[in-house]
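Scroll down for the structure; my scribbles are underneath it.
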Amino acid sequence: MKTELEKCMSGEWYDCHDEVFVEFKTKARKLVGEYNRLPYDNKGRRHEVLKELFGSMGTNVSVGNPFICDYGCNIHIGNNVSINMNCTLVDCNKITIGDNVLIASNVQIYTAGHPIELKDRLTPDWNPESDEYFCRTYALPVTIEDGCWIGGGVIIVPGVTIGRGSVIGAGSVVTKDIPANSLAVGNPCRVIRKINV
């Protein structure tokens, strides 16, 4: 029988209030709280906190504050990455950010979702007295490949991969994969032209 963590990481419905996720959130909230209170010029401690928070992190990584994430441990960042202020990464599943990536302010990356159909979304015969959550949750990984630039205010939904070297225009909502070396914009986000490489 799969654990709730195994269900989560394989994209199945899972109990997001299982003890393992409570532990992840508790640790992440503590570290994110400290990070957001640190002065900008305290680069040494800021780096230490991010190394403890993220699943993995390369060199020359900058994360503006305020910054919000869910678990932290599912975030994997490459080298030469800039994440600007006020970004939210809901990392219930894996968020992978490659090398040489720019992420502008107010970007939101979501791995968690709920079923579309109401009959699937709500937990059958839910009892408020139980430990069970009233709705079903799943999580799918998000990947931003090397050399991407994600514009301000972009929203990326669960299960999306943004291909190497692509640019996502400000304010876009990315609901499906974007191929490599593409300029994509809009809601829903769509490719408007290829980028010369």
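Quick note: the coordinates plus some simple rules give every number you see, no bench work behind them. Being a predicted model, the structure only gives us computed values, none of them experimental.
Couple of notes before you dig in:
This table checks each residue for (1) among the aliphatic types (A, V, I, L, M); (2) assigned to a loop (DSSP other than H, G, I, E, B).
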residue: Pro158; (1), (2): no, yes
residue: Arg164; (1), (2): no, yes
residue: Ala170; (1), (2): yes, yes
residue: Lys176; (1), (2): no, yes
residue: Ala180; (1), (2): yes, yes
residue: Pro188; (1), (2): no, yes
residue: Arg193; (1), (2): no, no
residue: Asn196; (1), (2): no, yes
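Residues checked against (1) under 15 Å from the mean Cα position of the chain (by Cα); (2) closer than 19 Å to Ile144 by Cα:
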residue: Glu19; (1), (2): no, no
residue: Ala28; (1), (2): yes, no
residue: Glu34; (1), (2): no, no
residue: Phe54; (1), (2): yes, yes
residue: Ser62; (1), (2): no, yes
residue: Phe67; (1), (2): yes, yes
residue: Gly72; (1), (2): yes, yes
